[in-house]
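Worksheet for the structure shown next.
The values are calculated or read from the model by the stated rules, or taken from the named source; none is laboratory data. All values reported here derive from a predicted model rather than from experimental measurement. We place every Cβ from the backbone using ideal geometry, glycine too, and count neighbours over all the protein chains shown. Note: areas computed on protein heavy atoms with side chains; ligands, DNA, RNA excluded. Shrake-Rupley method; radii C 1.70, N 1.55, O 1.52, S 1.80 Å.
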Amino acid sequence: MSTTPRITTAGIIDTTQPLRRRMFKRAAIIGLLGGIAITAGVGAVAQNAGLVDWHHGSAMTAGDISAHIDKFLQHVYIEIDATPAQKAQLDPIVRQGVADLMPLHTQFHDFHAQALVLLTQDTVDRAAIETMRAEHLRGADQASRRIAQLIGDVADVLTPAQRKALAARIAEHQR
């Protein structure tokens, strides 16, 4: 394996760590940060869409979620001036996207709880930490793929002007 010199925090040149291992570590850190970002994104989507009753700390019922999606979509339809045909296309796309992402949202909450359990153990179980990390990355990848699919599906239905209006509305809401 090839190694390249690197300077440690103590200012010492270290050539013992193989380039492949350093690249793997960087990829793992980037993946973990990406997973955390996706977790935050899914949480924000769920909160912004009102899929979790944050005031009372409990999950909404299926009926509550459906009613909230109706209300959310009505606002979006007005903002982007959606046609009846677009509404008919977007409704099942968004509902299926929410249905697909909600279990992933729950998995991300479980990940955080599991991480805290592992952190508080008397001994460090690195194998369990690695298993947890790998599962988290699989879930993050699955969520990322589903979100990308949802974005593409919605974008296919909207005109360029509507996409810009929707993006502006989302940006405004995020501020």
- Item | Cα gyration tensor, the stretch 68-175 - rounded (a/c under 1.5), prolate or oblate | prolate
- For D64, what accessible area in Å² do you get when you roll a 1.4 Å probe over the heavy atoms of the protein chains, rounding to the nearest 10? 70
- How long is the gain from T120 to R169 if the chain were fully straight, where each residue apart is worth 0.36 nm and the alpha carbon distance is subtracted? 13.4 nm
- Note on the structure: Of the accessible area of the stretch 70-124, computed with a 1.4 Å probe and all protein chains kept, carbon and sulfur make up a percent value of 61
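If you put +1 on each Lys and Arg Cβ and -1 on each Asp and Glu Cβ, how big is the dipole of the stretch 71-175 around its Cα centre, in Debye rounded to 20?
The calculated dipole for the stretch 71-175 is roughly 340 debye.
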- Averaged per residue, what accessible surface does the stretch 84-175 expose to a 1.4 Å probe, in Å²? 66
- Item | Segment K87-R145, extension gain: residue separation times 0.36 nm, minus the distance between their alpha carbons | 18.5 nm
- Tell me, what is the FRET efficiency for D100 and A127 to the nearest 0.05, using R0 = 30 angstrom and their Cβ-Cβ distance as r? 0.45
- Item | Accessible-area composition of the stretch 127-175, carbon plus sulfur, in percent [1.4 Å probe] | 56
